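To start, the structure under review is shown below, and the notes come after it.
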Amino acid sequence: GPLAGPVVAAAVFLPAGSEGCGAEDSKRLTAVQREQLAEEIVKVAHAVGIGAASATEVDRLNIRKATAVAMQRALQRLSVTPQHILVDGLPVPELGLEWQTAVVGGDAAVHSIACASILAKVCRDRLMERLAARYPVYGWERNKGYATEEHREALHQHGPSPHHRRTFQTVEQLTLLPVPT
């Protein structure tokens with residue numbers, strides 16, 4: 001996962017028969033494809049909710065619990081109250097097990113989960129691009145906070161920003177190493 005930035009989740013309530021928009025696993029799409037599909041998904045959806053948990057919350061709670069918080073926030077921002085939800089991955093007890101179905105690999109197998117994944121990824125990428133303007137040394141406009149060589153080197157040279165996930169082992173390791181001369 002990323003070394004910096006929030007964890008972002010999306011909830012999307014789609015009308016029946018909306019599978020034709022071409023949404024698939026967001027990791028298999030280019031940034032341009034995700035942006036185009038996000039526009040289409042928002043137009044087609046009955047409701048969309050986006051939620052996030054900050055890097056500080058990730059550090060305080062741990063990544064799994066922070067992800068659950070982001071999911072709860074996304075569900076709360078829906079303009080409708082779902083009677084049942086599909087969750088990508090393992091069950092999330094914080095969401096109420098009685099009204100969810102967990103689907104491992106759901107972003108590649110279930111259209112609505114793929115749509116939510118695309119919306120979450122686009123939102124997070126946009127947030128990281130805005131943060132890149134405030135913290136240009138990390139190259140977040142290019143790496144979105146992931147552990148690329150460029151990002152790791154900048155973290156080693158400059159230390160963590162307020163948006164780094166300090167409890168992630170790579171962040172801690174890179175900030176403790178001496179700066180090469």
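The values are calculated or read from the model by the stated rules, or taken from the named source; none is laboratory data. Computed from a predicted model, the values in this text were never measured in an experiment. Counting neighbours? That spans all protein chains shown, and the Cβs are built from the backbone with ideal geometry, glycine included. Only protein heavy atoms, including side chains, enter the accessible area calculation; ligands, DNA and RNA are left aside. Shrake-Rupley method; radii C 1.70, N 1.55, O 1.52, S 1.80 Å.
Among the residues of region 114-135, is any over 30 Å from residue 75 (Cβ atoms), open to solvent by 40 Å² or more (accessible area, probe 1.4 Å) and assigned to a helix (DSSP H, G or I)?
Initial filter on region 114-135 (over 30 Å from residue 75 (Cβ atoms)): 133, 135.
From the residues that got through so far, the ones that are open to solvent by 40 Å² or more (accessible area, probe 1.4 Å) too are 133, 135.
Then keep just the ones that are assigned to a helix (DSSP H, G or I); that gives 133.
Yes, that holds for at least one residue.
For residue 144, are the conditions met, namely being crowded, with 18+ Cβ neighbours inside 10 Å, basic (Lys, Arg) and in contact with an Asp or Glu (Cβ under 9 Å, 6 or more places away or on another chain)? Yes: the conditions hold for residue 144.
For region 72-81, the condition holds for at least one residue, the condition being that it is open to solvent by 30 Å² or more (accessible area, probe 1.4 Å), of a type outside the set (A, V, I, L, M) and at pLDDT below 95. Those residues that are under 17 Å from residue 1 (Cα atoms), touching a helix residue (DSSP H, G or I) at 6+ places or on another chain (Cβ under 8 Å) and part of a loop (DSSP other than H, G, I, E, B), I need them from region 136-160; list them, please. Correct list: 139, 144, 145, 147, 148, 160. Count of region 6-37 residues, restricted to those that are open to solvent by less than 30 Å² (accessible area, probe 1.4 Å), under 14 Å from residue 107 (Cβ atoms) and of a type outside the set (S, T, N, Q), is 10. Looking at 67, 56, 101 in this structure, which one is modelled with pLDDT of 95 or more, surrounded by fewer than 16 Cβ atoms within 10 Å (Cβ to Cβ), of a type in the set (S, T, N, Q) and under 29 Å from residue 161 (Cβ atoms)? Exactly one of 67, 56, 101 is modelled with pLDDT of 95 or more, surrounded by fewer than 16 Cβ atoms within 10 Å (Cβ to Cβ), of a type in the set (S, T, N, Q) and under 29 Å from residue 161 (Cβ atoms), namely 56.
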